[in-house]
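Asks: Sharing a structure, written as structure tokens. Questions coming.
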Amino acid sequence: MARSGLQRGFNQGILQGVKTGLGMAGQRTGFAGGITDGTANKDKLQDPVLLTGVKKPLFFCNADNLTTNTGLVITLTDLIGSGRALTNAQGTNPTPDIVTRGIFNLRNSLDFNNGAGSMYPTPAFNLSGKSEYSVMMVIKIDPATGYILQVQDLLSAGSLVLRVTDTTQTIRSTFYGGQGGSLTTSVYETAGVSQAEIQDWMILTVKYRLAQPGGPGSEQEMYINGSIKEQLVSSDFNVLTTTMAATSTFVIGNDRESLGSQGSNIHLGAFLMTDYWLNESEQLRLENYFRDYYGHKF
């Protein structure tokens, strides 16, 4: 329950009570409004840790569960027992900064704004034989161009580059189809989102598949705080193969050789990835989990 919601409810109740001769009906209405003006209904909440079988995520990490080691290594602890974690091992590059209580509800965050600090899954994994995946991140973006996420190696179907393109805070998602010399792309950007919204904490959900069951454009979707926010930039996407190559490239942040040395510009609260396309109900329940965990109505 959000404290601000309860306070607003009491204030409205007092105001209604005064206008109706201090009648208790108005006070009761205001109190009930405050009680319900909090986080999402827990009946529609899914803790990722409790997912099992084919629905178990590839990994799930947050900035509240991490370890710091000697040298330049920070590891975000795997929370689902997959044996994977997100680890910074960039040699001489700086690590992300740990920001204590850097997000809502006294939760921690990681600041990637120090010029480097990419994170890779360890041990490495690949999406060989898979045809789809989904990513959910609790992030905030600073006003600068930079990389958010890369999956695969840009030379095979299923590769992804998710980045901020310019200071207008447009998030661009480039998804690759085809293979080898026949590589094709589907490029979308965020639309209908103000710069102020982009620079605030958000739940960013992106979903990808090497198929177009709903016709052109249905190969990827991008959501901010549960609402679809995308517009087509360009596309020659063609499904020449329905499965992904056996590569293990994966990085949050910047500094892949194929992308150059441009920095990242994100603050990270949590990261979740599945090897399947989240349906509407699954997406809602997982997003509600993060709303409850951070005590904020994203």
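Here's the yes/no breakdown for (1) among the polar types (S, T, N, Q); (2) part of a loop (DSSP other than H, G, I, E, B); (3) surrounded by 13 or more Cβ atoms within 10 Å (Cβ to Cβ); (4) at pLDDT 55 or above:
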residue	(1), (2), (3), (4)
G21	no, yes, no, no
R28	no, no, yes, no
V49	no, no, yes, yes
C61	no, no, yes, yes
Q90	yes, yes, yes, yes
L110	no, no, yes, yes
N114	yes, yes, yes, yes
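Asks: Return the residue satisfying two criteria in turn: it lies in the range 63-85 and is assigned to a strand (DSSP E or B) and touching a residue at least 12 places away in the same chain (Cβ under 8 Å), and of such residues it is farthest from I252 (Cα to Cα).
Replies: Here the residue is T68.
Asks: Could I ask something else about it? Among the residues of the range 183-201, write down those that are crowded, with 16+ Cβ neighbours inside 10 Å, closer than 13 Å to N225 by Cβ and touching a residue at least 40 places away in the same chain (Cβ under 8 Å).
Replies: T190, I198, W201
Asks: Looking at the range 153-182, which of its residues are over 19 Å from I266 (Cβ atoms), part of a loop (DSSP other than H, G, I, E, B) and either open to solvent by less than 40 Å² (accessible area, probe 1.4 Å) or touching a strand residue (DSSP E or B) at 6+ places or on another chain (Cβ under 6 Å) (or both)?
Replies: Filtering the range 153-182 down to residues over 19 Å from I266 (Cβ atoms) leaves 153-159, 175-182.
Next, only the ones that are part of a loop (DSSP other than H, G, I, E, B) stay: 153-159, 178-179.
If the condition is that a residue be over 19 Å from I266 (Cβ atoms), part of a loop (DSSP other than H, G, I, E, B) and either open to solvent by less than 40 Å² (accessible area, probe 1.4 Å) or touching a strand residue (DSSP E or B) at 6+ places or on another chain (Cβ under 6 Å) (or both), then L154, S156, A157, G158, S159, G178 are the ones that fit.
Asks: Still on this structure, I have one more. Looking at this structure, is G102 in a loop (DSSP other than H, G, I, E, B), at pLDDT 90 or above and farther than 20 Å from E221 by Cβ?
Replies: Criteria met by G102.
Asks: Which number in (1) open to solvent by 30 Å² or more (accessible area, probe 1.4 Å); (2) closer than 16 Å to N225 by Cβ marks the one condition that M136 misses?
Replies: Just one mismatch for M136, condition (1).
The values are calculated or read from the model by the stated rules, or taken from the named source; none is laboratory data. Note that the structure is a prediction, hence the values are computed from the model and not measured. Ideal geometry is used to build each Cβ from the backbone, glycine not excepted, and the neighbour counts take in all protein chains shown. What goes into the accessible areas is simple: the full protein's heavy atoms, side chains included, and nothing from ligands, DNA or RNA. Shrake-Rupley method; radii C 1.70, N 1.55, O 1.52, S 1.80 Å.
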